[in-house]
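Enquirer: Just dropping this structure here.
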Amino acid sequence: MTVIIFDKPFDPWDELQRYQDQHAEMVGRFGATAVFVGSMRDFNENENVHAMTLEHYPGMTERHLEVICEAAVKQWQLLETLVIHRVGDLQPGEPIVLVAVWSAHRAAAFEASRHIMEDLKSKAPFWKKESLNNGHRWVSKNTPGTT
Amino acid sequence: MSIQIKLFASLAESLQRREATLDFEQGMTVGSVWSNLSAGADAPDEIMAAINMAYCEMETQLQDGDELAFFPPVTGG
């Protein structure tokens with residue numbers, strides 16, 4: 001179970017492959033890997049977004065994500081979890097977040113990855129500030145996680 | 001005998017500070033600290049607070065040496 005906060009761009013697919021390679025003990029035990037990658041859009045609420053700054057609460061953010069993952073591991077009997085989140089200055093297209101879980105069966109993987117992501121969106125202390133055509137604005141709330 | 005306060009994001013901008021220290025007083029609550037910081041202004045409806053990096057309520061009482069954080073609704077992911 002690993003939580004990483006990066007202040008520089010990261011490649012989620014490289015990180016995923018590296019993490020799986022480092023956990024050879026899982027080979028043969030997992031039948032499902034669910035991966036969510038969230039990336040920065042160049043639009044939000046009918047405005048062009050040129051750049052974004054992500055702020056966090058060092059210490060509390062990592063602790064909160066670890067608690068979410070520990071609970072998910074117990075609830076769904078996961079083999080491993082990896083959560084990576086960006087902070088600092090971002091450009092459109094850059095990955096913001098990676099949530100990956102490994103489990104024996106797909107139901108646990110799907111449910112746990114969604115649970116971790118939704119909890120992160122509603123409780124993990126991160127804040128987005130967008131650069132628009134005419135200045136800046138703080139994002140006041142996240143979009144719903146269901147359609 | 002003090003409380004360390006941290007402010008984040010839009011709240012830090014509106015109060016024009018990111019950190020503060022207040023003398024600890026018995027019976028202090030999260031809400032009373034906010035009133036002190038904001039010169040009596042009501043807390044924003046959706047304000048969030050954490051003591052020692054764990055979520056708390058505005059009515060929660062503080063202990064000497066606590067770290068208290070105020071921030072707006074989170075928007076990560």
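Enquirer: Which one of these does A:Asp89 not meet: (1) within 14 Å of another protein chain (Cβ to nearest Cβ); (2) open to solvent by 10 Å² or more (accessible area, probe 1.4 Å); (3) assigned to a strand (DSSP E or B)?
Expert: Here A:Asp89 clears every test but (1).
Enquirer: Condition first: aromatic (Phe, Trp, Tyr) and more than 10 Å from chain B (Cβ to nearest Cβ). Now tell me which residues in the range A:109-147 satisfy that.
Expert: The initial filter retains those residues of the range A:109-147 that are aromatic (Phe, Trp, Tyr), namely A:110, A:126-127, A:138.
A:Phe110 - this is the single residue of the range A:109-147 that is aromatic (Phe, Trp, Tyr) and more than 10 Å from chain B (Cβ to nearest Cβ).
Enquirer: Moving on to the next point. How about the range B:21-46: which of its residues are over 25 Å from A:Val139 (Cα atoms) and either of a type in the set (A, V, I, L, M) or more than 13 Å from the chain's Cα centre (by Cα) (or both)?
Expert: Hits for the range B:21-46 are B:Leu22, B:Asp23, B:Phe24, B:Glu25, B:Gln26, B:Gly27, B:Met28, B:Val33, B:Ala39, B:Gly40.
Enquirer: Still on this model: Quick one: is B:Glu59 exposed (fewer than 15 other Cβ atoms within 10 Å of the Cβ) and within 11 Å of chain A (Cβ to nearest Cβ)?
Expert: no
Enquirer: In the range A:32-48, what residues are out of contact with any Asp or Glu (no Cβ under 7 Å at 6 or more places or on another chain) and more than 22 Å from A:Ile68 (Cα to Cα)?
Expert: Passing the criteria: A:Arg41, A:Asp42, A:Phe43, A:Glu45, A:Asn46, A:Glu47.
Every residue, every condition in (1) in a loop (DSSP other than H, G, I, E, B); (2) closer than 24 Å to A:Val97 by Cα; (3) of a type in the set (Ser, Thr, Tyr), yes or no:
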| position | (1), (2), (3) |
| --- | --- |
| B:Leu22 | no, no, no |
| B:Ser35 | no, no, yes |
| B:Pro44 | yes, no, no |
| B:Pro73 | yes, yes, no |
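Enquirer: So the check is Cβ under 7 Å with 6+ separation or different chains; which pairs have a first residue in the range B:5-25 that's more than 13 Å from B:Ala69 (Cβ to Cβ) and a second one that's part of a strand (DSSP E or B) and open to solvent by 10 Å² or more (accessible area, probe 1.4 Å)?
Expert: Partner pairs satisfying both residue conditions: B:Ser10/A:Trp138; B:Thr21/B:Ser2; B:Thr21/B:Gln4; B:Leu22/B:Ser2; B:Asp23/B:Ser2; B:Phe24/B:Ser2.
Enquirer: Take A:Trp76 and tell me if it is facing another protein chain (nearest Cβ under 10 Å), in contact with a strand residue (DSSP E or B) (Cβ under 9 Å, 6 or more places away or on another chain) and free of Cβ contacts under 8 Å to residues at least 40 places away in the same chain. Don't jump to the end; show me each part of the working.
Expert: Working: facing another protein chain (nearest Cβ under 10 Å): no; in contact with a strand residue (DSSP E or B) (Cβ under 9 Å, 6 or more places away or on another chain): yes; free of Cβ contacts under 8 Å to residues at least 40 places away in the same chain: yes.
No.
Enquirer: (1) surrounded by fewer than 20 Cβ atoms within 10 Å (Cβ to Cβ); (2) out of contact with any Phe, Trp or Tyr (no Cβ under 7 Å at 6 or more places or on another chain): which one isn't true of A:Ala104, the others all being true?
Expert: Status for A:Ala104: all satisfied but (2).
Enquirer: If you go through the range B:37-44 one residue at a time, do you hit one that is more than 30 Å from A:Arg86 (Cα to Cα) and surrounded by 15 or more Cβ atoms within 10 Å (Cβ to Cβ)? Give the steps one after another, and end with the answer.
Expert: Taking the range B:37-44 and keeping what is more than 30 Å from A:Arg86 (Cα to Cα), we get B:37-42.
Those still in the list that are surrounded by 15 or more Cβ atoms within 10 Å (Cβ to Cβ) too: B:37-38.
Yes, some residue in the range B:37-44 is more than 30 Å from A:Arg86 (Cα to Cα) and surrounded by 15 or more Cβ atoms within 10 Å (Cβ to Cβ).
Okay, residues lined up against (1) part of a loop (DSSP other than H, G, I, E, B); (2) within 14 Å of another protein chain (Cβ to nearest Cβ); (3) surrounded by fewer than 18 Cβ atoms within 10 Å (Cβ to Cβ); (4) under 19 Å from the mean Cα position of the chain (by Cα):
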position	(1), (2), (3), (4)
A:Glu15	no, no, no, yes
A:Arg18	no, no, yes, yes
A:Gly28	yes, no, yes, no
A:Ala34	no, no, no, yes
A:Gly38	no, yes, no, yes
A:Glu55	no, yes, no, yes
A:Glu62	no, yes, no, yes
A:Glu66	no, yes, yes, yes
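Enquirer: Scan the range B:16-25 and tell me whether some residue there is within 9 Å of chain A (Cβ to nearest Cβ), open to solvent by less than 50 Å² (accessible area, probe 1.4 Å), of a type in the set (A, V, I, L, M) and touching a Leu at 6+ places or on another chain (Cβ under 9 Å). Steps first, answer last, please.
Expert: Initially, the range B:16-25 is screened for residues within 9 Å of chain A (Cβ to nearest Cβ), giving none.
So far as the range B:16-25 goes, no, none of its residues is within 9 Å of chain A (Cβ to nearest Cβ), open to solvent by less than 50 Å² (accessible area, probe 1.4 Å), of a type in the set (A, V, I, L, M) and touching a Leu at 6+ places or on another chain (Cβ under 9 Å).
Enquirer: Scan the range A:36-59 residue by residue and report those that are among the small types (Gly, Ala, Ser) and in contact (Cβ under 8 Å) with a residue 12 or more places away in the chain.
Expert: Result: A:Gly38, A:Ser39, A:Ala51.
The values are calculated or read from the model by the stated rules, or taken from the named source; none is laboratory data. On a predicted model such as this, the values are computed, not experimentally measured, just so you know. Don't worry about glycine lacking a Cβ; one is built from the backbone with ideal geometry, like all the others, and counts go over all protein chains shown. The area values use the complete protein model at the heavy-atom level, side chains included, leaving out ligands, DNA and RNA. Shrake-Rupley method; radii C 1.70, N 1.55, O 1.52, S 1.80 Å.
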